[in-house]
Amino acid sequence: MAGKKPSFQLNTETFVIMSVMCIVLVWTVNRILSAHDPKADVEDTPRVEQAANGDQVKEVEQANVPLATGKEPIDKIFIQSGCTVCHTIPGIRAAKGREGPKLELGTNALKRLADPNYHGKAQTDWEYVQESILNPGAYVVDGYSDHVMPRWYGQKLSAGALDKIITYLLKIEEVP
């Protein structure tokens, strides 16, 4: 009896794996081809529309909309701003992140200002917390990576939201 050549069978598992691979391939190619957005080459001029009364109204662009206004409850500000994804923040139930340090700045802000590795310009604990949000590279807590914290919070948080965040964080004491 001559050896039978195995025939190719397309079972369910093989079909699912091949389908997922095709989807990933199509998605990857799409991402690569759309990486260069021709709209980005157009001069960034705000669009203006005519209102019903004849006045010109400047269109609001998503980049100009703050993550938080400061009118929201503090837990919502932290969530909307994305802080809860990377940081553990005592008192904020959703804040269980581990990419950034635990935010107990009522205790740690002054310690970090005194650290020889601190290269910022802050003189007070308030200024330190503000600087750590707006210019996070001024001091990187030992054991954490620089450039993980977004650098655009100055454009995306209102002054009211920033004030509320700083006030809250300075009340949190380290629990031994």
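A few remarks follow.
- Some residue of the range 128-142 being of a type outside the set (D, E, K, R) and touching a residue at least 60 places away in the same chain (Cβ under 8 Å): no
- Residue-level analysis places Thr167 among those that are without any contact (Cβ under 8 Å) to a residue 12 or more places away in the chain and under 21 Å from the mean Cα position of the chain (by Cα).
- For the range 131-145, the set of residues classified as more than 12 Å from the chain's Cα centre (by Cα) and surrounded by 11 or more Cβ atoms within 10 Å (Cβ to Cβ) consists of Glu131, Ser132, Leu134, Asn135, Pro136, Gly137, Ala138, Tyr139, Val140, Val141, Tyr144, listed by residue number.
- Every test in (1) among the hydroxyl-bearing types (Ser, Thr, Tyr); (2) surrounded by 15 or more Cβ atoms within 10 Å (Cβ to Cβ); (3) within 18 Å of the chain's Cα centre (by Cα) is passed by Tyr128 save one, and that test is (3).
- Within the range 63-96, tally of residues that are buried (at least 16 other Cβ atoms within 10 Å of the Cβ), under 18 Å from Val141 (Cβ atoms) and among the aliphatic types (A, V, I, L, M): 2
- Residue in the range 155-164 that is modelled with pLDDT under 90 and assigned to a helix (DSSP H, G or I) present: yes
The values are calculated or read from the model by the stated rules, or taken from the named source; none is laboratory data. These figures come from a predicted structure and were not determined experimentally. So basically every Cβ, Gly included, is an ideal-geometry build from the backbone, and we count neighbours across all protein chains shown.
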